[in-house]
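The values are calculated or read from the model by the stated rules, or taken from the named source; none is laboratory data. Keep in mind that this is a model prediction, so the values were computed, not measured. FYI the Cβ positions are ideal-geometry reconstructions off the backbone, even for glycines, and counts take in every protein chain you see.
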Amino acid sequence: MAFQLPDLPYAYDALEPNVDARTMEIHHGKHHNGYTTNLNNAIAGTDLEGKSIEDILANVSSAGAGVRNNGGGFYNHCLFWEVMSPNGGGEATGAVGEAINTAFGSFENFKTEFAKAAATRFGSGWAWLAVKADGSLCVCSTPNQDNPLMDIAECPGTPILGLDVWEHAYYLNYQNRRPDYINAFFNVINWDVVNEKFAATK
Ligand code: MN3
């Protein structure tokens, strides 16, 4: 019942030129694979074995750093691959598009806030669009492999869109130009999947 590295829903080169194939190959095959293996090792023989990743993250404050870092790394990358698509991009659609307009005033305002959260996260971390307990949307960022599901999160909620801003996510193609990588991410967002995740929070 150990956690498994999911297959990508597209080829390594499918997100070119926004995300390059070599980065995707290393990111999925090495980094995500490593988080998955290390999470399984960290929970082996403990009472966390057999629990869902959501349950583990919701109580992560009582687990060790290995569970926090690798459990977050496992979950965050699973979400990240899902919310990208070679057929993605454009403005948010459906119920998420409406909720974004309600929360941020316009799609452009949301894009500005999300990009700012991603660009200003110092060092390694993630930017999120999350659903708060009251059902409204918020943008935030978290350090390292933390996420809004964790009971230690400053911005608690259910993430429906996430962007990895660790250097390993963009350095081969973008070097220090994180803002260019953030802009390119908007070309590949799979709003259908984000809508599915939004609907699942209801
Ligand atoms: Mn990563």
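Brief remarks on what is shown
- Flag if residue 50 is more than 27 Å from residue 171 (Cβ to Cβ), out of contact with any Lys or Arg (no Cβ under 6 Å at 6 or more places or on another chain) and surrounded by fewer than 21 Cβ atoms within 10 Å (Cβ to Cβ): yes
- When residue 200 is tested against (1) out of contact with any helix residue (DSSP H, G or I) (no Cβ under 7 Å at 6 or more places or on another chain); (2) among the hydrophobic types (A, V, I, L, M, F, W, C); (3) within 16 Å of the ligand (Cβ to nearest atom), just one condition goes unmet, and that condition is (3).
- Residues that are assigned to a helix (DSSP H, G or I), under 26 Å from residue 17 (Cα atoms) and among the aromatic types (Phe, Trp, Tyr), drawn from segment 80-133: 80, 81, 107, 110, 114
- Unmet criterion (only one of (1) buried (at least 22 other Cβ atoms within 10 Å of the Cβ); (2) modelled with pLDDT under 95) for residue 154: (1)
- Failed condition for residue 134, given (1) crowded, with 17+ Cβ neighbours inside 10 Å; (2) out of contact with any strand residue (DSSP E or B) (no Cβ under 9 Å at 6 or more places or on another chain); (3) of a type outside the set (A, V, I, L, M, F, W, C): (1)
- Test: residue 195 is out of contact with any strand residue (DSSP E or B) (no Cβ under 8 Å at 6 or more places or on another chain), away from the ligand (no atom under 16 Å from the Cβ), of a type outside the set (A, V, I, L, M) and assigned to a helix (DSSP H, G or I): yes
- Summed over segment 54-78, the residues that are away from the ligand (no atom under 16 Å from the Cβ), in a helix (DSSP H, G or I) and in contact (Cβ under 8 Å) with a residue 24 or more places away in the chain give a count of 7.
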